[in-house]
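Contents: one structure, followed by commentary.
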Amino acid sequence: MALVARVNPTDGEDTIQTALDFVRTHLNMEVAYLSEFVGEDLVFRAVSAPGFEDQCFVGGGMPLDHVYCRHILAGRLPELIPDTAAEPLCADIPLTTAIPIKSHVSVPIRRRDGTPYGMFCCLSRTAQPDLNPRDLSVMRAFADLSAEQVNDKIASRVARQSARAGIEMLLNEQAFDIVYQPIVDITGNRPKGFEALCRFRPEPYRPPNLWFEDALGVGLQAELEVAVIAKALKSLDQLPDDVYLSVNASPSTVGTGLLTDLFAQHPQERIVLEVTEHSMVEDYDDLVSHLDILRFRGVRLAIDDAGAGYSGLQHIVKLKPDLIKLDISLTSDIDKDVVRRSLGAALVRFAVEIGADIVAEGIETDAELAALTSLGVPLAQGYYLGRPGDLDSALAWFEDGQKTA
């Protein structure tokens, strides 16, 4: 009997593998497996079959017409068959003679909507006249346990497929808009730059970080980040020549090298790359090598989350940025908290030592702004200074030298 060609195997959960090993040993049978119905084929998703690996392997399978499954589901064969010779229908099923099968126990695995997923099965080349309803109860118990694992995986797969479809829709339809938040020169009350932020259109509204998390989960993080950056950079030629645009990318996206050609299409000395830190940097040397190429061409590097914890400081030490952005956890109520002011002052001195500019994020009050000004912070952004807005809102800052109402 020819087997179906190997397909992409899906590793069984540890629980399922343990269940198969147990029932195979408990029933003194040679083969146990959990299968999935895929079209007209049965595909093995978890296997316990020492000595039968060539015929029964994870990801392999066989036509449903060659096995017992459909007959068991239809009630033409019982779930418990101590001796296949006692069931005339078995003689007409190719699997019976291919192994050959002399005893067989099989229980349906169902999805949560009740439809068949596959079978939890044991078989032997030896008749087992001692098999009894208690053995079938054991099989059903382990099948139920395995079904929970299967259904969890199905739910996870459906969620992943849905998330991927959502990200692909965003990319295909460019279903997002860019908003611009001013980064203001505190002394001149004029933007030195804008941070480009993304707002996604699908309803109901979801915060941008959730969309980027979905993209990461389905392997489309770089594609989405690059698409957002590309759209943001189209506005650069409409902003004054002395104004920069700050765009965000994860370390892994920087590591793809995709930004090199993209940035080359624009005046790179007016681009600030803000490296986000929502996932661990696995290889700082590789990241630095990609950043060095961009910085050699004029792109400046910004690091945010300064003052938010050890990881943010490690990021700064490793990457030696051109701009350091003080995290809102540090700037919030800095006028009222001596510890925050002391840490802010230390970071300002540190920035001066390494030749970096400081940008204070999350400014929401005049008192916070005054405290940061007294510490020597030159640049700031936050709702107090300007909320994110469309490109027209950004351009309005320069109509009379300051933002109009």
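The values are calculated or read from the model by the stated rules, or taken from the named source; none is laboratory data. Fair warning: this is a prediction, and the values are worked out from it, not measured in the lab. Counting neighbours? That spans all protein chains shown, and the Cβs are built from the backbone with ideal geometry, glycine included.
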**OP:** Please find, among Ala345, Ala380, the residue that is closer than 30 Å to Asp292 by Cα and modelled with pLDDT under 95.
**Re:** Ala345
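Table: residues versus (1) surrounded by 23 or more Cβ atoms within 10 Å (Cβ to Cβ); (2) at pLDDT 95 or above; (3) farther than 15 Å from Ala32 by Cα; (4) polar (S, T, N, Q).
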site	(1), (2), (3), (4)
Val105	yes, yes, no, no
Arg112	no, no, yes, no
Thr115	no, no, yes, yes
Val138	no, no, no, no
**OP:** Go through region 191-226 residue by residue and tally those that are among the small types (Gly, Ala, Ser) and either buried (at least 20 other Cβ atoms within 10 Å of the Cβ) or farther than 22 Å from Arg157 by Cβ (or both).
**Re:** 4
**OP:** Exactly one condition in (1) loosely packed, with under 14 Cβ neighbours inside 10 Å; (2) more than 16 Å from the chain's Cα centre (by Cα); (3) β-branched (Val, Ile, Thr) is not met by Ile154; state its number.
**Re:** (1)
Subject >> Flag for Phe194 being in contact with a Pro (Cβ under 6 Å, 6 or more places away or on another chain) and modelled with pLDDT of 95 or more >> reply: yes
Subject >> Selection within region 166-180 - closer than 24 Å to Phe194 by Cα and of a type in the set (Val, Ile, Thr) >> reply: Ile178, Val179
Subject >> Positions within region 82-98 being in contact (Cβ under 8 Å) with a residue 40 or more places away in the chain and buried (at least 18 other Cβ atoms within 10 Å of the Cβ), in sequence order >> reply: Pro82, Thr84, Leu95
**OP:** Spot the failing condition for Thr260; the list is (1) assigned to a helix (DSSP H, G or I); (2) surrounded by fewer than 17 Cβ atoms within 10 Å (Cβ to Cβ); (3) out of contact with any Leu (no Cβ under 7 Å at 6 or more places or on another chain), and only one is missed.
**Re:** (3)
Original post:
If you go through region 301-338, how many residues are polar (S, T, N, Q) and either at pLDDT below 90 or outside the structural domain of Ala370 (by TED's automatic domain parsing) (or both)?
Top reply: 3
Original post:
Arg270 versus (1) exposed (fewer than 14 other Cβ atoms within 10 Å of the Cβ); (2) among the charged types (D, E, K, R); (3) modelled with pLDDT of 95 or more: which is the lone unmet condition?
Top reply: (1)
Original post:
Among the residues of region 366-373, is any under 22 Å from Glu274 (Cα atoms), at pLDDT 90 or above, surrounded by 14 or more Cβ atoms within 10 Å (Cβ to Cβ) and of a type outside the set (Ser, Thr, Tyr)?
Top reply: yes
Original post:
Would a scan of region 326-343 turn up a residue that is farther than 22 Å from Val243 by Cα, under 29 Å from the mean Cα position of the chain (by Cα) and assigned to a loop (DSSP other than H, G, I, E, B)?
Top reply: yes
Subject >> Within region 14-39, considering residues that are hydroxyl-bearing (Ser, Thr, Tyr) and free of Cβ contacts under 8 Å to residues at least 24 places away in the same chain, the one nearest to His104 (Cα to Cα) >> reply: Thr25
